[in-house]
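Enquirer: I'd like to ask you about the structure that follows.
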């Protein structure tokens, strides 16, 4: 049986919910984790409200192997992720000498003002996640990895923490082109194949492109034999339906 390691992602920030900032982290993190054998099972977006952050953190960290968060660790008053994490874990928070030293590498004497010092406030007992771009660190506490919301910085932090993560079996993905066949023609047969392979994820995805309408069937799973079996059954199903051009 393939080992399953799961994760959730918590996006923190009013600017995401209002649409002012377009999130660029979900897709990147999902693909990154899939590539190293970690299943991203849930994504939530919460505002800059401590109660909402604490509630989401405690729900998600108990449900999955890992929880990753992005956003809310900057120098302004609405950057409350660190305080919320301390509350969620029931620990204190203060200026971490290690984080202060990191910030001192970037800022000249006199530039490390009170606002910037907020970025050195780390929950007690947390490990730091280095930030090679702007120096202000993220941190890990328990199974929660707190990272920046700026995509380039988040990506650098993820590269740093990835070698420390337990990885499961990697997802095997097979994509089958349902050329010339509308979903309504193969839906019933595909449903039977999916029912016969309950440990797999089997989905049908229509799309439009410059060349016209297309349908793709995607099989996902961690057991090679099961993926191969379902893929063969789908090819057989589509082969028997070829030539039928009935509409949806």
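Quick note: the coordinates plus some simple rules give every number you see, no bench work behind them. Just so it is clear, the structure is predicted and the values come from calculations on it, not from any experiment. So basically every Cβ, Gly included, is an ideal-geometry build from the backbone, and we count neighbours across all protein chains shown.
Enquirer: Please compute the contact order of segment 65-198 in relative form: average sequence separation of alpha-carbon pairs under 8 Å and at least six residues apart, divided by the residue count, as a percent.
Expert: Result for segment 65-198 is 24 percent.
Enquirer: Something else about it: In the Gaussian network model of the chain, springs joining C-alpha atoms below 10 Å, which of 125, 149, 180 carries the largest mean-square fluctuation?
Expert: 180
Enquirer: Rounded to the nearest 0.05, what FRET efficiency do residue 18 and residue 41 give with R0 = 30 Å and r taken as the Cβ-Cβ distance? Could you check?
Expert: 0.70
Enquirer: Taking neighbour counts of Cβ atoms within 10 Å as a proxy for exposure, in what order, fewest first, do 140, 41, 192 appear?
Expert: Ranked by crowding around the Cβ, least crowded first: 192, 41, 140.
Enquirer: Springs between alpha-carbon atoms under 10 Å, Gaussian network over the chain: tell me which of 206, 137, 75 tops the mean-square fluctuations.
Expert: Of the options given, 206 has the highest mean-square fluctuation.
Enquirer: Among 37, 203, 72, which one moves the most in a GNM of the chain with springs linking Cα atoms closer than 10 Å?
Expert: The residue with the greatest mean-square fluctuation here is 203.
Enquirer: Restricting the count to DSSP beta bridges whose residues both fall in the chain, what percent are antiparallel, rounded to a multiple of 5?
Expert: Of all bridge pairs located within the chain, approximately 60 percent are antiparallel.
Enquirer: A further question on this structure: Using the basic label-point model (7 angstrom from Cα toward the beta carbon), what is the residue 214 to residue 107 distance in nanometres?
Expert: Distance between the two pseudo-spin positions: 5.1 nm.
Enquirer: On to the next question. What distance in nm separates the simple spin-label points at residue 170 and residue 205, each placed 7 Å from Cα in the Cβ direction?
Expert: Calculated label separation equals 1.8 nm.
Enquirer: Let me ask another. For the chain, what's the relative contact order in percent, using C-alpha pairs closer than 8 Å and at least 6 residues apart?
Expert: Relative contact order for the chain comes out at 17 percent.
Enquirer: I've got another one for you. List the relative contact order of segment 165-248 as a percent without decimals, with contacts defined as Cα pairs under 8 Å and 6+ residues apart.
Expert: 42 percent
Enquirer: Working out 0.36 nm times the residue gap between residue 241 and residue 4, then minus their Cα-Cα distance, what length gain in nm do you get to one decimal?
Expert: Extra length available between residue 241 and residue 4 comes to 81.8 nm.
Enquirer: Sort 77-89, 212-224 for me by packing, meaning the mean count of neighbouring Cβ atoms within 10 Å per residue, highest on top.
Expert: 77-89, 212-224
Enquirer: Please give the length that would be gained between residue 115 and residue 159 if that part of the chain were fully extended, namely 0.36 nm times their separation in residues minus their C-alpha to C-alpha distance (nm, one decimal).
Expert: Computed gain between residue 115 and residue 159 is 13.1 nm.
Enquirer: Calculated from DSSP H runs of 4 or more alone, at -39500 (n - 2.57) each and per residue, what is the 222 nm mean residue ellipticity of the chain, nearest 500?
Expert: -11000 deg cm²/dmol
Enquirer: Quickly work out the residue 124-to-residue 152 label distance, labels modelled 7 Å from Cα along the C-beta direction, and quote it in nm with one decimal.
Expert: Inter-label distance under the simple model: 3.8 nm.
Enquirer: Taking the alpha-carbon centroid of each part, what is the distance from segment 33-88 to segment 214-242 in angstrom?
Expert: 36 Å
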